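Here the structure comes first, spelled out in structure tokens, and everything after it is commentary.
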Amino acid sequence: MANQLYKTMGFDSNEEMYFDWWLKEILDLRLYESIHFHPITYSLSSMTEYPVVRQLKTKVKKETRCLLEKHVYTPDFAIVWHEKAKNYLFRDVEDDSPLGGKIPFFAQRMSDGKYHTMVEIKPDYDMHNMTREFKINQKWVMDKYSVFVQLIKTPSFFKKTFTPNRFLFCNNKSAQPRKIKFNIRARDEFFSLLKKPDNQVVKESQTKLTF
């Protein structure tokens, strides 16, 4: 049952559940307005059909059959930020100032006038190579909708930001400490580092968009 906890919480994977724990741990800071799971589905291509003529007893019937199925993509999370989190916990993806290494999230101002971060969650070890498929969808969504979807891998994201308290213990009800193979940083320590001019977080997470 330990591996099924994420299903009871409505997620598709443990990694999505872990990221939700991270988001919940900063809820009291009021840096984001809302979180949405599977917020929107982007249509990337329509179904392609081919014509078929069927000879019936008394007439000819023209039909179409599927040649290629339609293709859609749905991000795992959407984070709607409060403005005060800008240049602190997120940066505008179109901002050309040198802030990328300091800040873990990239966001875009959407039609509602608010900053949103679209997130795709993947495990550190992707045994089915789903990351490769996502990167195609990521480029496709950006090209067709001008929306950037940020790839976040857990638990390595915690190594570069902070480890949520719930992740310190196994998924089951035993409350056994989880074996974690990286140095654990608490939430308050991470945010104190963000405020330092000589930012240690910058040195650990230089420039890449994948956390």
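The values are calculated or read from the model by the stated rules, or taken from the named source; none is laboratory data. Everything numeric in this text was worked out from a predicted model, so none of it was measured. Cβ atoms come from the backbone with ideal geometry, glycine included; neighbour counts cover every protein chain shown.
Among the numbered conditions (1) at pLDDT below 95; (2) surrounded by 15 or more Cβ atoms within 10 Å (Cβ to Cβ), tell me where residue 126 comes up short.
Every condition holds for residue 126 apart from (2).
Which of the residues spanning region 102-114 are of a type outside the set (Val, Ile, Thr) and over 15 Å from the mean Cα position of the chain (by Cα)? Spell out how you get there, then give the answer.
We begin by selecting, within region 102-114, every residue of a type outside the set (Val, Ile, Thr); these are 102, 104-114.
Hits for region 102-114 are 102, 109, 110, 111, 112, 113, 114.
Limited to region 64-102, what total is found for residues that are outside any loop (DSSP other than H, G, I, E, B), charged (D, E, K, R) and surrounded by 13 or more Cβ atoms within 10 Å (Cβ to Cβ)?
Filtering region 64-102 for residues outside any loop (DSSP other than H, G, I, E, B) gives 64-68, 71-73, 77-81, 83-86, 90-92.
Filter once more, keeping what is charged (D, E, K, R): 65, 83-84, 86, 91-92.
Filter once more, so that each one left must be surrounded by 13 or more Cβ atoms within 10 Å (Cβ to Cβ): 86, 91-92.
Residues meeting the conditions: 3.
Quick one: which strands (runs of 3 or more DSSP E) sit completely within region 1-63 and have at least 2 residues that are touching a strand residue (DSSP E or B) at 6+ places or on another chain (Cβ under 9 Å) and over 22 Å from residue 157 (Cβ atoms)? Before the answer, list the steps.
Values: elements: 32-37, 42-45, 48-55.
Answer list for region 1-63: 42-45, 48-55.
Looking at region 125-154 only, could you name the residues that are within 30 Å of residue 189 (Cα to Cα) and under 13 Å from the mean Cα position of the chain (by Cα)?
Of the residues in region 125-154, the ones within 30 Å of residue 189 (Cα to Cα) are 125-126, 148-154.
Selection gives 148, 149, 150, 151, 152, 153, 154.
Within region 103-123, which residues are out of contact with any strand residue (DSSP E or B) (no Cβ under 7 Å at 6 or more places or on another chain) and crowded, with 18+ Cβ neighbours inside 10 Å? Before the answer, list the steps.
At the first step, the residues of region 103-123 found to be out of contact with any strand residue (DSSP E or B) (no Cβ under 7 Å at 6 or more places or on another chain) are 104, 111-113.
The one that is out of contact with any strand residue (DSSP E or B) (no Cβ under 7 Å at 6 or more places or on another chain) and crowded, with 18+ Cβ neighbours inside 10 Å: 104.
In region 145-180, what count of residues is obtained for those that are in a loop (DSSP other than H, G, I, E, B), in contact (Cβ under 8 Å) with a residue 40 or more places away in the chain and surrounded by fewer than 20 Cβ atoms within 10 Å (Cβ to Cβ)? Can you show your working first?
Step one: list which residues in region 145-180 are in a loop (DSSP other than H, G, I, E, B), which gives 146-148, 155, 161-164, 170-176, 178-180.
Then drop every residue that is not in contact (Cβ under 8 Å) with a residue 40 or more places away in the chain, which leaves 147-148, 155, 161-162, 164, 170-172.
If we keep only those that are surrounded by fewer than 20 Cβ atoms within 10 Å (Cβ to Cβ) as well, we get 147-148, 170-172.
Of the residues in that region, 5 qualify.
Is region 26-34 home to any residue that is assigned by TED's automatic domain parsing to the domain that holds residue 158 and either of a type in the set (Ser, Thr, Tyr) or closer than 25 Å to residue 134 by Cα (or both)?
yes
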